[in-house]
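Below is one structure, written out as structure tokens; comments come after it.
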Amino acid sequence: MSIDNSFKTLRYLSNWFSGIEKPHSNAFPLSNMEYSNESLSGWKTAYISNIDTLFFKGLSFGKYGVDSDYSCFRKGCIFGSCGRCGFYSFKDFDKARDLAEKRFGTVVLKVSHFGTVVIHSEGYRSQSQIVDEILVSPICANFFCNNQTIGMRVNKDYYVTACSRHIGEGVSLKDISKQSFLRVVTL
Ligand SMILES: [Zn+2]
Ligand SMILES: [Zn+2]
């Protein structure tokens, strides 16, 4: 391990212990904790990892479907007892959109939080989550193509936006919506 990498690891660990989970990039400071049993809606950034079964991949770890319950990887945690687990989302749409603009191949999701919901100043964290809407870039992800998105095509292990020229074997936004019963629109 290089010295540079060691410093990165140390910085990562200190952030982890101070409660700012950097690898979970939808993360926010876990301040002003309040609990709620109401369903609350937020916005987050994710990859679409499977378009047929509609599975999403978090920015750094974690996979989930349209309707999921969280299982914490921390030993002995009963949801929430570790103080940081759950499905995260931002209260502010702009934060999720800005994140999606910085990360190639990501989409914005509108999600509803259920079960035990923790309210923080910038976002929510919950035991259960339902994806309500998928918002994708209006522009084809192909390099130097500025055409309008009509659907999604596979790229490595996730899906990216595609125009009519680059969609190939991909799926149109309309068909994704039909299959999933979700609203699928461009940002
Ligand atoms: Zn936990
Ligand atoms: Zn294109």
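The values are calculated or read from the model by the stated rules, or taken from the named source; none is laboratory data. Keep in mind that this is a model prediction, so the values were computed, not measured. Virtual Cβ from ideal backbone geometry, glycine too; neighbours counted across all protein chains shown.
Take the conditions modelled with pLDDT under 80 and away from ligand 1 (no atom under 16 Å from the Cβ) and apply them to Asn32. Does it pass? For Asn32, the condition - modelled with pLDDT under 80 and away from ligand 1 (no atom under 16 Å from the Cβ) - is met. Restricting to region 115-151, count the residues that are within 16 Å of ligand 1 (Cβ to nearest atom), in contact with a Gly (Cβ under 7 Å, 6 or more places away or on another chain) and of a type in the set (A, V, I, L, M). Residues meeting the conditions: 1.
Given the criteria among the hydroxyl-bearing types (Ser, Thr, Tyr) and buried (at least 18 other Cβ atoms within 10 Å of the Cβ), does Thr116 qualify? Before the answer, list the steps.
On the way: among the hydroxyl-bearing types (Ser, Thr, Tyr): yes; buried (at least 18 other Cβ atoms within 10 Å of the Cβ): no.
Here the answer is no, as Thr116 does not meet what is asked.
Evaluated against (1) touching a strand residue (DSSP E or B) at 6+ places or on another chain (Cβ under 6 Å); (2) of a type in the set (D, E, K, R); (3) surrounded by fewer than 14 Cβ atoms within 10 Å (Cβ to Cβ), Arg125 falls short on exactly one condition, (3). Annotation: of all residues in region 74-114 being outside any loop (DSSP other than H, G, I, E, B) and of a type in the set (Ser, Thr, Tyr), the one that is farthest from ligand 1 (Cβ to nearest atom) is Ser112.
Do we find that Gly76 is over 20 Å from Leu187 (Cα atoms) and at pLDDT 95 or above in this structure?
Numbers: over 20 Å from Leu187 (Cα atoms): yes; at pLDDT 95 or above: no.
Answer is no for this residue.
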